[in-house]
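Read through the structure below, which is laid out as structure tokens, and then see the notes.
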Amino acid sequence: MNKKKSMLPVILCVAAIAVIGGGAVIGFGHFSYSGKRMNALSYYGMVASDEAAVIVNDEVLDAKGIVRDGQIYLNYKTVWDYVDCGYYWDAAAKQLMLTLPGGTCSWSPDDGTGAVLDDGENAWISADLIRDYSDVDLVTLEEPGRVVIRTKWSDLSTCTATKKTQVRYRGGRKSEILTEVEAGDSLVLLDTVDEWSHVSTADGYIGYVKSNLLSADAEPAITHQTDERFIFPKVLSDSPVVMGWHYIDSAANNQYLADYITGTTGMNTISPTWLSLKDQAGNILSHASADYVNTAHAAGLKVWGMFGDVNGQEVRTGTVLADSSARATAVAQLMQIAADTGMDGINVDLETISEEEAPQFLQFLKELSIAAHERGLVVSVDNFVPTYTWYYRRGEQVKCVDYLVIMGYDEHTLQSEEIGSVASSGFAEKGITDTLREADPAYVINAVPFYGRCWVERYGSSVPDTQALSMAAQQEFLTAHGITPEWDASVGQYVGTSDDGTARYSIWMEDPESMKLRVEMIKNYNLAGVACWRLGYETPEVWDVIASVMQG
């Protein structure tokens, strides 16, 4: 019995050692790093052997490329949406076009170059062609097949790996390994979460690395120099543009020019609404007049004839612009009209372009700009605020045109179910800041309204009546309904209401005070100028305000 007792401490010691040893193994396993590698095909979501992953600006796209004869091809829509919307696929002609300052390049599926494929439903563009003809950084890689593209270089943060390490799918020791990086490799730093940094590698993996294995770069390690082949020339004014649109819907109205420009202190450019599409072939309906241009020039005004679709014509603009022959006809006739009249530029105001029609709209702007610049003509293009027309691709527009004009109004319109301002100060400013995300302020003109909007909410009716009112008509509305307006700093306008028992009357006004705020905003953002819709709606003192701010 004493012997048995003497063995008990030994047994307990062995048991303790076993427990401690097991705990150490468990602890080591808990703190060790997984050596499991993630399947690359699964990571990229590739299910077919002829697919290729597409990585653009540190994002793995859901859209996949295809591999044909050892080359990677990208779907035209993927290219247009994410890489370069300068390409234009003419589905009817089965032709890919790219218009650059030096002219238009074109490729077709049967030209023997292998640059573009057509499977009957989609066009596919060779990654090699994109690398050679787009202002991007692009590499193609194998195992798995993938293409890594960068189109944006500003606001990048980069870091350098201080030693060889793994990039993991998630931020954690047990997460699977995507790839390895060597000491000295540059990575794009996307974010830092606790002890892990979210990074993008040069070979197209986006994952996590321990932060203590990275060194932040003082300056971004990834830079880009724009290729001169992609820089369109510009024809710009030596001074800020102060433009007024002159609404003209018949040649007879040209004779009233003097009436509209009298008292327009500081205005240096006029845009008569002369030009529109006449038919599906691209022929132009014109009210342009050389006498008008001569009179305007004598008054110190440049003339940018407007080519628009706001005069109620029945021709569908987007459909016409999809036809290469019709585009060529329109451009040729616009150039001839400009030559015949001596006008100084073309102002494009196409307001019916849908998202699906944006590619042909951009192609038209490029073809027009090249032809216009050969003749020394200015090209400006009017855009609704980006909130309404984000798909217009202003960044691509401003590559070829001289000026983007923001139509900084129509916050509330005839179709609005809620009452409100034509353009509150916040709405106008957002239009500017959103546009400046895509365009340099030196090429941006902001347009202001010379009109306010009144509303009549009749009791018993759920839909309000509304009218756009000239500045003079605003005063008549105030008098008719006994309204005393008050300044509303939240919208930067005088606002007023009244009620006669049958309806509620409201007005958001435009006057010299609201105009001063708008033009000061233009100056504060260092924009290229101001445009005014439209001549004849203003009171004379507005021009004194515009001139004092723009020339100050």
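The values are calculated or read from the model by the stated rules, or taken from the named source; none is laboratory data. These figures come from a predicted structure and were not determined experimentally. Note: ideal-geometry Cβ built from the backbone for every residue, glycine included; neighbour counts use all protein chains shown. Note: accessible area is taken over every heavy atom of the protein model, side chains too, but ligands, DNA and RNA are not part of it. Shrake-Rupley method; radii C 1.70, N 1.55, O 1.52, S 1.80 Å.
Among the residues of region 438-476, those identified as part of a helix (DSSP H, G or I) and among the polar types (S, T, N, Q) are Q474, Q475. Hey, any hits in region 362-384 for a residue that's aromatic (F, W, Y) and without any contact (Cβ under 8 Å) to a residue 40 or more places away in the chain? For region 362-384, residues aromatic (F, W, Y) and without any contact (Cβ under 8 Å) to a residue 40 or more places away in the chain: present. Of all residues in region 336-377, exactly one satisfies the criterion of being under 16 Å from K302 (Cα atoms), open to solvent by 30 Å² or more (accessible area, probe 1.4 Å) and among the hydrophobic types (A, V, I, L, M, F, W, C), namely A339.
All of (1) closer than 21 Å to A531 by Cα; (2) modelled with pLDDT under 95; (3) of a type in the set (S, T, N, Q) hold for T273 with one exception: (2).
Condition check for I177 on (1) in contact with a strand residue (DSSP E or B) (Cβ under 9 Å, 6 or more places away or on another chain); (2) on the phi < 0 side of the Ramachandran plot; (3) open to solvent by 40 Å² or more (accessible area, probe 1.4 Å): one failure, at (3). Among the conditions (1) over 17 Å from D382 (Cβ atoms); (2) touching a Phe, Trp or Tyr at 6+ places or on another chain (Cβ under 7 Å), the only one that D238 does not satisfy is (2). Inclusion of N283 among residues that are under 30 Å from I346 (Cα atoms) and open to solvent by less than 30 Å² (accessible area, probe 1.4 Å) is not warranted.
Restricting T319, T329 to residues that are surrounded by fewer than 21 Cβ atoms within 10 Å (Cβ to Cβ), within 24 Å of K234 (Cα to Cα) and polar (S, T, N, Q) narrows the list to T329. If you go through region 213-234 and keep only what is out of contact with any strand residue (DSSP E or B) (no Cβ under 9 Å at 6 or more places or on another chain) and open to solvent by less than 50 Å² (accessible area, probe 1.4 Å), you end up with nothing.
Under the condition of being free of Cβ contacts under 8 Å to residues at least 60 places away in the same chain, closer than 27 Å to T317 by Cα, open to solvent by 10 Å² or more (accessible area, probe 1.4 Å) and in contact with a helix residue (DSSP H, G or I) (Cβ under 9 Å, 6 or more places away or on another chain), the residues counted in region 235-275 number 1.
Out of W124, W80, one residue alone is outside any helix (DSSP H, G or I), touching a strand residue (DSSP E or B) at 6+ places or on another chain (Cβ under 7 Å), aromatic (F, W, Y) and crowded, with 20+ Cβ neighbours inside 10 Å. It is W124. Could you say whether any residue in region 536-543 is open to solvent by 60 Å² or more (accessible area, probe 1.4 Å) and not aromatic (F, W, Y)? For region 536-543, residues open to solvent by 60 Å² or more (accessible area, probe 1.4 Å) and not aromatic (F, W, Y): present. The set of residues in region 142-152 that are closer than 28 Å to I231 by Cα and open to solvent by less than 60 Å² (accessible area, probe 1.4 Å) comprises V147, V148, I149, R150, T151. Scanning region 518-531 for residues that are open to solvent by 70 Å² or more (accessible area, probe 1.4 Å), outside any loop (DSSP other than H, G, I, E, B) and in contact with a helix residue (DSSP H, G or I) (Cβ under 9 Å, 6 or more places away or on another chain) yields a count of 1.
May I ask you to verify whether V422 is in contact with a Gly (Cβ under 8 Å, 6 or more places away or on another chain), open to solvent by less than 60 Å² (accessible area, probe 1.4 Å), β-branched (V, I, T) and over 30 Å from P233 (Cβ atoms)? When the stated conditions are applied, V422 passes them. Applying the criterion of being modelled with pLDDT of 95 or more and open to solvent by 30 Å² or more (accessible area, probe 1.4 Å) to the residues of region 102-115, the residue that is nearest to L61 (Cα to Cα) is P109.
Of the residues screened, A296 is one that is in contact with a strand residue (DSSP E or B) (Cβ under 7 Å, 6 or more places away or on another chain) and not aromatic (F, W, Y). All of V139, V188 fail the test of being of a type outside the set (K, R), open to solvent by 20 Å² or more (accessible area, probe 1.4 Å) and either part of a strand (DSSP E or B) or under 24 Å from A53 (Cβ atoms) (or both), apart from V139. Per the conditions (1) in contact (Cβ under 8 Å) with a residue 24 or more places away in the chain; (2) over 18 Å from D90 (Cα atoms); (3) within 33 Å of the chain's Cα centre (by Cα), the sole criterion not satisfied by L138 is (1). List the number of the failed condition for I55; all other conditions in (1) out of contact with any helix residue (DSSP H, G or I) (no Cβ under 8 Å at 6 or more places or on another chain); (2) in contact (Cβ under 8 Å) with a residue 60 or more places away in the chain; (3) among the β-branched types (V, I, T); (4) open to solvent by 20 Å² or more (accessible area, probe 1.4 Å) hold. Against the list (1) out of contact with any helix residue (DSSP H, G or I) (no Cβ under 8 Å at 6 or more places or on another chain); (2) in contact (Cβ under 8 Å) with a residue 60 or more places away in the chain; (3) among the β-branched types (V, I, T); (4) open to solvent by 20 Å² or more (accessible area, probe 1.4 Å), I55 comes up short only on (4).
Close contacts from region 66-79, counting a first residue that is on the phi > 0 side of the Ramachandran plot and a second that is of a type outside the set (D, E, K, R), with Cβ to Cβ under 8 Å and a gap of 6+ residues or different chains, come to D69/G114. Across region 477-512, the qualifying residues are those that are among the charged types (D, E, K, R) and in contact with a strand residue (DSSP E or B) (Cβ under 8 Å, 6 or more places away or on another chain), and the one among them that is surrounded by the most Cβ atoms within 10 Å (Cβ to Cβ) is E510.
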